[in-house]
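Below is one structure, written out as structure tokens; comments come after it.
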Amino acid sequence: MVGQQPRIAVLLPCFDEEAAIAATVAGFRAALPDAAIYVYDNNSRDGTREAAASAGAVVRTETQQGKGHVVRRMFADIDADIYVMADGDLTYDPKAAPAMVDLLLADQLDMVVGTRRHEAKGAYRGGHVLGNRLFTGLLSGLFGRSFSDIFSGYRIFSRRFVKSFPVLSSGFEIETEISVHALELRMPVGEIETAYAARPEGSESKLSTFGDGWRILKTIVTLYRIERPVLFYGSIGALLLALAIVLSVPLVVTYLNTGLVPRFPTAILVTGMVVVAVLCFFAGLILDTVTRGRREVRRLAYLALPAVSADL
């Protein structure tokens, strides 16, 4: 309806955040007084649900363990025009939410990322800073462009982003999948620098530097294979072809000098490598056609939904 203000939903995935969730809900309530605040509990073993309910949030449950499962459930369940997603550990600044929403509306964007500025010593571990930079650079190299902070959990989405996003991840690699989805559909996106604080006393991080880093790396490689099949399989084919050429040079020289091919196992290996290389090239071309069709379907689903506007 024209003149109606957009409906805003704050989505807070939680796992054992009793120490911080009440303050997080209160912060977003103060920053966005007209928003509906939802806390999705992911099998917490403490009093997260009770604390969130006492703070005035709508509390729901997702039993499949992992942030990706929670995001899939939230995006499917909640109907709104603007979605504010953050963690329930009070590390993200709720006061930044109005500016992020205003940017989304003013520029008619589909996603605004809150890039983290950490001043507190214990807010962001050194290994995570290095990993973020490495993976951000890797994503930029593979997909042509990236974000300043691909792992930020503080994001504002339009309705058409949320309802066109097929969540496939199960864990903390969900932020990577979100970033690639926006890049592949060439959605209009923006960034705002936000403060990133240390967790309050009694709250513990669920991140595993090496475990989650390995899962994120696998996710990036998988998404690259799916979204860039020509380059992925073409690179494998080019590598096999180059190795085959290197191995074949002595055989060719020997044949030109003597008219004989004395190393039949090597000749058979080279032939097999060339065949596999050609198959990789053609597999990449075929899968690229499939990927293009899938991307067109996703783009049409995205365009079928109305763009975000300050006055609906």
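The values are calculated or read from the model by the stated rules, or taken from the named source; none is laboratory data. From a predicted model like this one, the values you see are computed outputs, not experimental measurements. With ideal geometry, Cβ positions are generated from the backbone for all residues, glycine too; neighbour counts draw on all protein chains shown. Surface areas here come from the heavy atoms of the whole protein model, side chains and all, with no ligands, DNA or RNA. Shrake-Rupley method; radii C 1.70, N 1.55, O 1.52, S 1.80 Å.
Per-structure values
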quantity: Number of the condition not met by Thr61 [criteria: (1) touching a residue at least 40 places away in the same chain (Cβ under 8 Å); (2) hydroxyl-bearing (Ser, Thr, Tyr); (3) within 21 Å of Ser169 (Cα to Cα)]; calculated: (1)
quantity: Failed criterion for Arg225 (all others in (1) closer than 30 Å to Val162 by Cα; (2) open to solvent by less than 80 Å² (accessible area, probe 1.4 Å); (3) part of a helix (DSSP H, G or I) hold); calculated: (2)
quantity: Residue list for region 170-187, restricted to those being open to solvent by 10 Å² or more (accessible area, probe 1.4 Å) and in a loop (DSSP other than H, G, I, E, B); calculated: Ser170, Phe172, Glu173, Arg186
quantity: Any hit, region 28-39, residues being in a helix (DSSP H, G or I) and not aliphatic (A, V, I, L, M); calculated: yes
quantity: Residues being in a loop (DSSP other than H, G, I, E, B) and either open to solvent by less than 40 Å² (accessible area, probe 1.4 Å) or at pLDDT below 85 (or both) - total across region 188-203; calculated: 7
quantity: Total residues in region 45-80, condition assigned to a loop (DSSP other than H, G, I, E, B), surrounded by fewer than 20 Cβ atoms within 10 Å (Cβ to Cβ) and of a type in the set (D, E, K, R); calculated: 3
quantity: Number of the condition not met by Phe264 [criteria: (1) at pLDDT below 85; (2) open to solvent by less than 80 Å² (accessible area, probe 1.4 Å); (3) more than 36 Å from the chain's Cα centre (by Cα)]; calculated: (2)
quantity: Selection within region 269-302 - closer than 30 Å to Val249 by Cα, within 29 Å of the chain's Cα centre (by Cα), surrounded by 15 or more Cβ atoms within 10 Å (Cβ to Cβ) and of a type in the set (A, V, I, L, M, F, W, C); calculated: Cys280, Phe281, Ala283
quantity: Residue count for region 17-27, restricted to those that are out of contact with any helix residue (DSSP H, G or I) (no Cβ under 6 Å at 6 or more places or on another chain) and assigned to a loop (DSSP other than H, G, I, E, B); calculated: 2
quantity: Pairs with Cβ under 8 Å, 6+ apart, first in region 272-291 and over 24 Å from Leu247 (Cα atoms), second open to solvent by 30 Å² or more (accessible area, probe 1.4 Å) and among the hydrophobic types (A, V, I, L, M, F, W, C); calculated: Gly284/Val230; Gly284/Leu231; Gly284/Phe232; Leu285/Val230; Leu287/Val230; Asp288/Val230; Thr291/Ile226
quantity: Search result, residues across region 242-288 that are touching a Phe, Trp or Tyr at 6+ places or on another chain (Cβ under 6 Å), part of a helix (DSSP H, G or I) and β-branched (Val, Ile, Thr); calculated: none
quantity: Residue in region 4-15 that is of a type outside the set (A, V, I, L, M, F, W, C), over 16 Å from Asp87 (Cβ atoms) and part of a helix (DSSP H, G or I) present; calculated: no
